[in-house]
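Below is one structure, written out as structure tokens, with a few remarks after it.
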Amino acid sequence: MAQLDLAPDHSPVLRIEDLHVTYPGGAWAVRGIDLDIRADEMVAIIGESGCGKTTVARSVLGMLGPRVGTSGSITVSGHRVLAHLGERDRPKASERDLRRLRGRGIGYVAQDPYSACNPLHCVRRHVEEAWRAHRMRPKRHEVYDSLERIGIANAPDAAEQYPHEWSGGMLQRATIAAANAHAPPLLVADEPTTALDSAVASTVLGNLRSSGAAVLLISHSLSLVAGHADRVAVCYAGRVVEEGATAEILDAPRHPYSAALLAATPRRGHGLPQPLPGQPPHPSEKAPGCAFASRCREATEECRNTTPQLRDGVACFHR
Amino acid sequence: MIVDDQPEGPAGRVGTSSARHARRGGGLPGFVARRLLQALAAGIGASVVVWALLPLAPGDPAERVLRSRGVAEPTQEEIQATRAALGLDRPLIEQYGSWLGRAVRGDFSESYQTRKPVFGEIADRLPATLLLAVTATLLAIAVAVPAALIAAAFHGRWPDGLLRGFSLLGAGVPAFLLGLLVLYLVVLRLGLGQVLADGKLSQVWLPAAVLAFARAAEWSRLLRAGLLDALSSGYAAVATARGAGRARVLVVHALPNASIPFLTAVGVGFGALVGGAPIIETVFSWPGVGNYVVTAINSRDMPVIQTFTALAAIVYVTSSVVVDVAVAALHPPSRQRT
Amino acid sequence: MTSSAPTHRPDDDAIASQADPSRPNASAASIRSTRGRPSQLRRLWIHGGGRAGLVLLLAIAVAILIGPLLTGEPNTTNLADKLVGPSVSHPLGTDQFGRDQLARIAEGGRRSIGAAIVVLIGITAVGVTIGVIAGVSGRLVDTLLMRAVDVMLSLPSLVLALAVVGILGPGSRNLVLALIVSSWAYYARLSRSCVVTVMKRGDVLAARLAGVARWRVIISHVLPTVLAQIRIVASLDLGGVIVSLAGLSYLGLGTQPPDAEWGTMLAESRLFFTAAPWLLVAPALATIVVVTATNLLGEALRDTAAESSTTITRRRGFLWRSLT
């Protein structure tokens, strides 16, 4: 087995530069995203469905389809997942390199734990997959330890059960245990709590937080990640519209979209939630200007004609 | 790449997690018991239909029996006597009861033609029919599984197109037609094999290959569809994200999951092979049950027709039970009571 | 491939791009397809397999309907010309009685396809009636009917058809009857499950709550949905029914000589295998072409059908497995 160099001195753990992703058929899922995640940091990408956040997660894992067009660069612990076009000296990682990186350099937690688990395999086999995928055979106690570490009691018995016999929260924690099996420097969690009851969501996010890895958390709700993420990047129509410390954005959102998102979620002391009217633009639309302009009360002529760039943590002409 | 690349998936199964609270799924023995009970009920229902074939047949049964024995113009007394001898004067429910009682003991009365017990006649020919059906099934599986794996691995490229052509051909060329063409080309023109088969293993290949052709085409297509379904599933994406290679995802994760509908189709297909024996055995002069039944049909030999129907139902129900148990053994969630 | 009706299903064989896992956002597809959705025929034509099936079937229909005008009577015997190979006056040769093979193929095609359509109409009539009654009735009737369906389904159709022909006696009318008797249960089960789904649909619930009479709800909401579904299954089954008819006729259970039917012709050709192979090849090829054409068309119909009616009929018609 070839060695995977995951030296900790590569900072940041994840660096995304000017990422663009287009799907066949002309849908622009991601239109230029920059994001850095340092070690031990949990960064959340927030946005409605269709804003490209899942595509970012897939891009980091190098799991976009062969016909998907990409540009920009992604580096995980110094390993290139994606390189800038024309960067001949630092080419895109081969499928073989990517495979080595997945699981050991990047852990992945999916949205729905039930569909993330092969229904024919017991939970132990699911956790073991983290090793077996790399042609290793874990000792039984290694598997049980990884489950118990994340708070699953009586792991040797429970792990022989099948996914459908487990509760969603428990199972999601088992998949976190599997994602964390090789203690990767980066965990990518794609809406890990959306399919769960809200009561267990916090525990699951806590498990992710305490994994010791840098975490890229994908979520649709600002308030959900409030107590967990260090930083938040608010995403709209394939671009980051606002980025900053979680507390700052929660207290005083600067971009009108962040404010609208926040107003749409029920929070203590903020009155009734106000739903955001309108629809996000379709990914195939390539109109100039701020993508949010059609739903924004403050939009001016400038907003409709020129795309605002992310400056000082916010992409808006009025801040 | 084998993941579902939908940019933002809908929130899969939100809200169902509480419905699937941790409950121990039904065990395999319990499932087998329930399934056997079901099969028994279906079998009893089927036996009513099979029995009803005789009373429902047009014409007076007693007269039919007499005619088949060579009595051209039976008198009223003769008919009455036969009626009483056959128990036709008793209530229908009683007739069914005594028929079922005898059938369970293997007594399906005598063939009108040969005057020998039908059970023995059929039992003599059954091994040849089963040999043909089993060989054809195994051949079809041996072709279908690799073909589907290759097509799924090269989805959208030429091996996939090749399989599509094969399956279209398989669905368009019925087995008996292929049999006739093969008989003409291979046996009569090339002089390989024999026109009249003896039902032995050495001669099973040609008819079995003909039967397997359409099955392989259908099954490979079904399995390919299942494999593609599984490859676009969440667990395949997660296995890939854990670092598993394409081959591992395909064989370890997709294939067992895709085998579930595949196995069901194989079970139904095997039952249908036995049921379809009359046609293909006539084409190849294969000395099995089917050939015997066709002769019986042409001479309206009711007990033989009835016994064959019962046999086909038994094979059909049994193979579906075997398959369901195999699926339940493979797929724990399906053991649960529905 | 230019499909403007991108109904995505992973098991879609026909068009690689439709089953492309890296397709754009699903909502994009639905937006595009609602805007100016092309007609059914247009969608069939765009679908590669559908176009091939349509063209083939059209050609067959023309050949079968116009062919006899050019070739004369199918049953005219002429012993002087018996077992003559293909020639200008007899393009497909003649049989043992000197009858023109082309005329007989055309005549046989009319019989085979006509009988298959009658079988499917019969199965649909019986199956949909029973399925709808079970679906809208109370528990008792539903259970009784469905147990009867289960029993019918535990007997392989082909065997049951054999048995029914066996007791009724051979003949094309009996064969059609036998196939209807042995196969309706598949359609009954499918119709019932479709009815149960439709009865829970919003518009149906609204109509029932508004006090619309039950029979009216059934006629205006339930039946159209069920029939749309059944139409697809039936078109997928057409090939299978043609095959079973030909197979059973081959055994001598269907159309009786001297009438021409493809299965019967195949059976007759066996005696002259070596001397007159054209007698085998012509009806065999005719059957294969018709079955392939109906398969292509059936699959195209399924692929291009509205999204709502594609869930149940994902792979094949229902009769196929048990009949062929």
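The values are calculated or read from the model by the stated rules, or taken from the named source; none is laboratory data. If you're wondering where the values come from, they're calculated on a predicted model, not measured in any experiment. FYI the Cβ positions are ideal-geometry reconstructions off the backbone, even for glycines, and counts take in every protein chain you see.
Scan the stretch C:222-245 for residues that are surrounded by 20 or more Cβ atoms within 10 Å (Cβ to Cβ) and more than 14 Å from chain B (Cβ to nearest Cβ) and jot them down.
If we filter the stretch C:222-245 for residues that are surrounded by 20 or more Cβ atoms within 10 Å (Cβ to Cβ), which is where we start, we get C:222, C:226, C:229-230, C:232-245.
Residues satisfying the conditions are C:Val222, C:Val226, C:Gln229, C:Ile230, C:Ile232, C:Val233, C:Ala234.
Which residue pairs have Cβ atoms closer than 6 Å, lie 6 or more positions apart in sequence or on different chains, and pair a first residue in the stretch A:98-115 that is closer than 11 Å to A:Asn180 by Cβ and more than 7 Å from every other protein chain (Cβ to nearest Cβ) with a second residue that is in a helix (DSSP H, G or I) and among the hydroxyl-bearing types (Ser, Thr, Tyr)?
Listed by first residue and then by second, the contacts come to A:Val109/A:Thr175.
Among the helices (runs of 4 or more DSSP H) lying completely within the stretch A:175-278, list those that include at least 1 residues that are closer than 20 Å to A:Ser115 by Cα, modelled with pLDDT under 90 and hydrophobic (A, V, I, L, M, F, W, C).
Working: elements: A:198-209, A:222-225, A:246-251, A:256-264.
Of the helices (runs of 4 or more DSSP H) lying wholly inside the stretch A:175-278, those with at least 1 residues that are closer than 20 Å to A:Ser115 by Cα, modelled with pLDDT under 90 and hydrophobic (A, V, I, L, M, F, W, C) span A:198-209.
Select, from C:Val181, C:Val159, the only residue that is crowded, with 24+ Cβ neighbours inside 10 Å and free of Cβ contacts under 8 Å to residues at least 60 places away in the same chain.
Numbers: C:Val181 fails: crowded, with 24+ Cβ neighbours inside 10 Å.
That would be C:Val159, the only listed residue that is crowded, with 24+ Cβ neighbours inside 10 Å and free of Cβ contacts under 8 Å to residues at least 60 places away in the same chain.
Could you grab me the full set of residues in the stretch B:242-251 that are within 8 Å of chain A (Cβ to nearest Cβ) and either among the small types (Gly, Ala, Ser) or assigned to a helix (DSSP H, G or I) (or both)? Steps first, please.
Looking only at the stretch B:242-251, we keep the residues that are within 8 Å of chain A (Cβ to nearest Cβ), and these are B:242-245, B:248.
If the condition is that a residue be within 8 Å of chain A (Cβ to nearest Cβ) and either among the small types (Gly, Ala, Ser) or assigned to a helix (DSSP H, G or I) (or both), then B:Gly243, B:Ala244, B:Gly245, B:Arg248 are the ones that fit.
Have a look at C:Thr76, C:Thr71, C:Thr129 and point out the one that is exposed (fewer than 15 other Cβ atoms within 10 Å of the Cβ) and either modelled with pLDDT under 80 or charged (D, E, K, R) (or both).
From the options C:Thr76, C:Thr71, C:Thr129, the qualifying one is C:Thr76.
Condition first: within 13 Å of another protein chain (Cβ to nearest Cβ) and part of a helix (DSSP H, G or I). Now tell me which residues in the stretch A:147-172 satisfy that.
A:Asp157, A:Ala158, A:Pro163, A:His164, A:Glu165, A:Gly168, A:Gly169, A:Met170, A:Leu171, A:Gln172
Confirm whether B:Phe270 is within 14 Å of chain A (Cβ to nearest Cβ) and not β-branched (Val, Ile, Thr).
Values: within 14 Å of chain A (Cβ to nearest Cβ): no; not β-branched (Val, Ile, Thr): yes.
No, not satisfied.
Are there any pairs, at least 6 apart or on different chains, whose C-beta atoms fall under 8 Å, with the first in the stretch C:117-143 and of a type in the set (Asp, Glu) and the second part of a helix (DSSP H, G or I), and if so, which?
From residues that are of a type in the set (Asp, Glu), the pairs are C:Asp142/C:Ala134; C:Asp142/C:Gly135; C:Asp142/C:Arg192.
Scan the stretch A:266-315 residue by residue and report those that are within 24 Å of the chain's Cα centre (by Cα), in contact (Cβ under 8 Å) with a residue 60 or more places away in the chain and either surrounded by fewer than 11 Cβ atoms within 10 Å (Cβ to Cβ) or closer than 26 Å to A:Asp251 by Cα (or both).
Of everything in the stretch A:266-315, those that are within 24 Å of the chain's Cα centre (by Cα), in contact (Cβ under 8 Å) with a residue 60 or more places away in the chain and either surrounded by fewer than 11 Cβ atoms within 10 Å (Cβ to Cβ) or closer than 26 Å to A:Asp251 by Cα (or both) turn out to be A:Pro280, A:Leu310, A:Gly313, A:Val314, A:Ala315.
For B:Arg221, work out the one condition from (1) over 30 Å from A:Ile176 (Cβ atoms); (2) within 14 Å of chain A (Cβ to nearest Cβ) it doesn't fulfil.
(2)
In the stretch B:170-190, is there at least one residue being more than 14 Å from chain A (Cβ to nearest Cβ), over 25 Å from the mean Cα position of the chain (by Cα), in a helix (DSSP H, G or I) and charged (D, E, K, R)?
Yes, that holds for at least one residue.
For the stretch B:322-333, give me each residue that is surrounded by fewer than 19 Cβ atoms within 10 Å (Cβ to Cβ) and more than 9 Å from every other protein chain (Cβ to nearest Cβ).
At the first step, the residues of the stretch B:322-333 found to be surrounded by fewer than 19 Cβ atoms within 10 Å (Cβ to Cβ) are B:322, B:325-326, B:329-331, B:333.
Answer for the stretch B:322-333, where residues must be surrounded by fewer than 19 Cβ atoms within 10 Å (Cβ to Cβ) and more than 9 Å from every other protein chain (Cβ to nearest Cβ): B:Val322, B:Val325, B:Ala326, B:Ala329.
Scan the stretch A:53-75 for residues that are touching a Cys at 6+ places or on another chain (Cβ under 6 Å) and not basic (Lys, Arg) and report the count. Show your work before the answer.
In the first step, residues of the stretch A:53-75 are kept if they are touching a Cys at 6+ places or on another chain (Cβ under 6 Å); the result is A:53.
Subsequent filtering for residues that are not basic (Lys, Arg) retains none.
Number of matching residues: 0.
Where residues in the stretch B:39-74 are among the small types (Gly, Ala, Ser) and over 33 Å from the mean Cα position of the chain (by Cα), which of them is surrounded by the most Cβ atoms within 10 Å (Cβ to Cβ)?
Initial filter on the stretch B:39-74 (among the small types (Gly, Ala, Ser)): B:39, B:41-43, B:45-47, B:52, B:57, B:59, B:62, B:68, B:70, B:72.
Narrowing further to those that are over 33 Å from the mean Cα position of the chain (by Cα): B:62, B:70, B:72.
Values: B:Ala62: 20, B:Gly70: 6, B:Ala72: 6.
So, considering only residues that are among the small types (Gly, Ala, Ser) and over 33 Å from the mean Cα position of the chain (by Cα), the one surrounded by the most Cβ atoms within 10 Å (Cβ to Cβ) is B:Ala62.
Is there a residue being more than 30 Å from B:Trp205 (Cβ to Cβ), within 14 Å of chain C (Cβ to nearest Cβ), of a type in the set (Asp, Glu) and assigned to a loop (DSSP other than H, G, I, E, B) anywhere in the stretch B:59-79? Can you show your working first?
Narrowing the stretch B:59-79 to residues more than 30 Å from B:Trp205 (Cβ to Cβ): B:59-79.
Within this subset, residues satisfying the condition of being within 14 Å of chain C (Cβ to nearest Cβ) are B:59-61, B:64-65, B:67-68.
Checking which are of a type in the set (Asp, Glu) leaves us with B:60.
With assigned to a loop (DSSP other than H, G, I, E, B) added as a condition, the list becomes B:60.
Yes, some residue in the stretch B:59-79 is more than 30 Å from B:Trp205 (Cβ to Cβ), within 14 Å of chain C (Cβ to nearest Cβ), of a type in the set (Asp, Glu) and assigned to a loop (DSSP other than H, G, I, E, B).
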